[in-house]
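Student: Below is the structure I would like to discuss, written out as C-alpha cells.
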Amino acid sequence: MVKTYRPALFMGAAALLGLLTACGDGGDSAAAPQTLPGTAAPATGDGTTAVSSAEPTATGPAPSPATSTTGTSDSARCHTSELEATLGRNDPGAGQENFPVILTNTSSRTCTVHGYPGAAFVDASGRQLGPDPKRSPGTPATVMLAPGQNAWSGITFSNPEISGARTAIPDALLVTPPDERDPLQVAWSAGAVPVSGNESTVFVAVFDEGPGA
C-alpha cells in the first residue's frame, strides 16, 4: 500500500561516519561485510538529539522524486550496480553541517531502497577516517525508484571549528546502499570532518523520497 512519506529531517548532533555493512566496527579501517534487514550499516546506535529543519539541496538539476511504500523484497531491491551516488550542497545550521546523499536509479527497471545507508569517509589509500556513524531516529519506509528517480539520506555532524574535535580531510565518501555490500564512491571536496574528540559522532538518516517530492 503506497503512502506519502515526507522527507526525513537532518539530525542536529555530533559528527561523522563509518562504512560498509551492518554493525561494522569503528576505527581506522572498514569492518568486514555483514548486513541486517533494512540497513546497510556501518551506522550504529541511535541519536538522541533534536533534528534541524534542513531540506536536501542537490548540486545539479533536481531528479524526479520517488514513491514511498511500506513493503520491500530482495528481488525488488536496488543493487549497487544500478545506482549512482551524489552529494548535495551543505545546509548548515545551529553549529551543524548537513549534507544530503542522493541515490539515483540508473537502471532500466524499477527498484527499491529501504532503511539506512552505510557510509564512511576515506583517505586517498581507502583507509577509513573516524568511527562508524550512528543512526538518527527514524522509521524506515520503502522508497520505490523508477528509472531516473532518486532517494536521499541526511549526513550530519557538528562543525569541528565550533566543537574543537580532531579533524581529517577525506578524499572520498563511500556510500553503501541498504542491504548491499559494495559501496559507491563520491569525491569529497567539503573540507575537514571530525574524526575524534569532542562531538565527533556522525549521524545518518533513513532514506526518503528524493528532492522535489
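The values are calculated or read from the model by the stated rules, or taken from the named source; none is laboratory data. Computed from a prediction, not measured in an experiment: that's the story for all the values here. Here Cβ is always computed from backbone atoms with ideal geometry, including for glycine, and neighbour counts include all displayed protein chains. Please note that ligands, DNA and RNA were not included when accessible areas were found on the heavy atoms of the full protein model with its side chains. Shrake-Rupley method; radii C 1.70, N 1.55, O 1.52, S 1.80 Å.
Student: Taking a ≥ b ≥ c as the square roots of the Cα gyration tensor eigenvalues, with a/c under 1.5 meaning rounded and otherwise prolate when a/b beats b/c, else oblate, which class fits region 80-188? Intermediate values should be presented prior to the final figure.
Tutor: Details: a/c = 2.10, a/b = 1.59, b/c = 1.33.
Prolate, because a/c is 1.5 or more and a/b exceeds b/c.
Student: On to the next question. Take the Cα coordinates of region 156-213, assign each an equal point scatterer, and use the Debye formula without solvent to give log10 I(q)/I(0) at q = 0.13, 0.14, 0.24, 0.30 Å⁻¹.
Tutor: Here the Debye-derived log intensity ratios amount to -0.45, -0.52, -1.05, -1.16.
Student: Let me ask another. Can you work out the FRET efficiency for the pair Ser81 and Ser196, with r the C-beta to C-beta distance and R0 = 35 Å, to the nearest 0.05? List each step's numbers first, then the result.
Tutor: Details: r = 34 Å, r/R0 = 0.97.
The computed FRET efficiency comes out at 0.55.
Student: Roughly how many Å² of Glu84 are accessible to a 1.4 Å probe, to the nearest 10?
Tutor: Using a 1.4 Å probe on the heavy atoms, I get roughly 100 Å².
Student: From largest accessible area down, sort Arg109, Arg166, Arg127; use a 1.4 Å probe on the protein chains.
Tutor: Numbers: Arg109 75, Arg166 145, Arg127 105 Å².
Most to least solvent-accessible, the answer reads Arg166, Arg127, Arg109.
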